[in-house]
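K.L.:
First the structure, then my questions, so here it is.
The values are calculated or read from the model by the stated rules, or taken from the named source; none is laboratory data. Keep in mind the model is a prediction, meaning the values are calculated, not measured. When we count neighbours, we look across all protein chains shown, and the Cβ atoms used for this are built from the backbone with ideal geometry, even at glycine. Surface accessibility is based on the protein's heavy atoms, side chains included, excluding ligands, DNA and RNA. Shrake-Rupley method; radii C 1.70, N 1.55, O 1.52, S 1.80 Å.
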Amino acid sequence: AQMSRSLGFLSGAANEERTEGGCQQETLSEALIRNSRRLRHGERAVTTSDFEALVREADRNIVKVRCFPGRNEEGRREPGSVTAVVLPEGFRYGRTNFDEVKERVLEYMNPRLPGNMAALGKFYVAEPYYVKLVCLVELSVRDFNRVFEVKERVKAKIEEFLDPVTG
């Protein structure tokens with residue numbers, strides 16, 4: 001957000017949009033978990049947990065993944081198919097690069113899918129549906145001097161409860 005050198009009639013620089021795509025260095029505990037999953041699935045998707053572990057390996061910017069066997073990307077029954085619902089890192093900022101994540105996941109998964117699932121197009125990657133939730137909360141506070149403190153604590157607890165990753 002700042003210029004490294006002076007250029008003509010320019011007086012400043014600004015980033016209009018948030019950057020996405022990078023990730024922190026993998027911690028030792030994350031590497032241990034990833035490698036134990038890799039030993040379990042052996043680079044082949046067979047069980048639902050295999051599919052989920054492999055999808056996570058495809059892109060480290062995936063916060064959460066849930067696979068649904070026998071369902072297509074609209075959620076309808078489709079024998080022999082699997083749909084991975086993927087929550088990318090950028091969801092908290094109201095903007096995601098889902099199409100890029102989807103491409104990386106499909107490219108990574110194709111050689112690891114069972115039988116001819118890839119050839120038949122039976123593996124789907126879908127974005128979760130986001131639902132706006134409005135809560136009306138009525139509080140009674142004994143000490144009027146603590147109204148704003150209580151309001152912030154209640155708001156934090158509701159957000160913690162509804163968090164799609166940890167809630």
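K.L.:
If you scan the range 75-84, which residues turn out to be touching a strand residue (DSSP E or B) at 6+ places or on another chain (Cβ under 8 Å), at pLDDT 90 or above and open to solvent by 30 Å² or more (accessible area, probe 1.4 Å)?
P.N.:
Arg77, Glu78, Pro79, Gly80
K.L.:
Considering each of Tyr130, Tyr108, Tyr124 in turn, give the residue that is assigned to a strand (DSSP E or B) and within 30 Å of Ala58 (Cα to Cα).
P.N.:
Tyr124
K.L.:
A follow-up question, please. Quick check: anything in the range 27-48 at pLDDT 90 or above and closer than 21 Å to Glu127 by Cβ?
P.N.:
Within the range 27-48 (the criterion being at pLDDT 90 or above and closer than 21 Å to Glu127 by Cβ), the answer is yes, since at least one residue qualifies.
K.L.:
Would you confirm, using the coordinates I've provided, whether Arg92 is closer than 24 Å to Tyr129 by Cβ, among the basic types (Lys, Arg), under 19 Å from the mean Cα position of the chain (by Cα) and at pLDDT below 80?
P.N.:
So Arg92 fits the description; yes.
K.L.:
Which of the residues belonging to the range 127-136 are at pLDDT 85 or above and open to solvent by less than 100 Å² (accessible area, probe 1.4 Å)?
P.N.:
Glu127, Pro128
K.L.:
From the list Arg44, Arg34, Arg71, which residue is more than 25 Å from Phe98 (Cβ to Cβ), among the charged types (D, E, K, R) and open to solvent by 20 Å² or more (accessible area, probe 1.4 Å)?
P.N.:
Arg44
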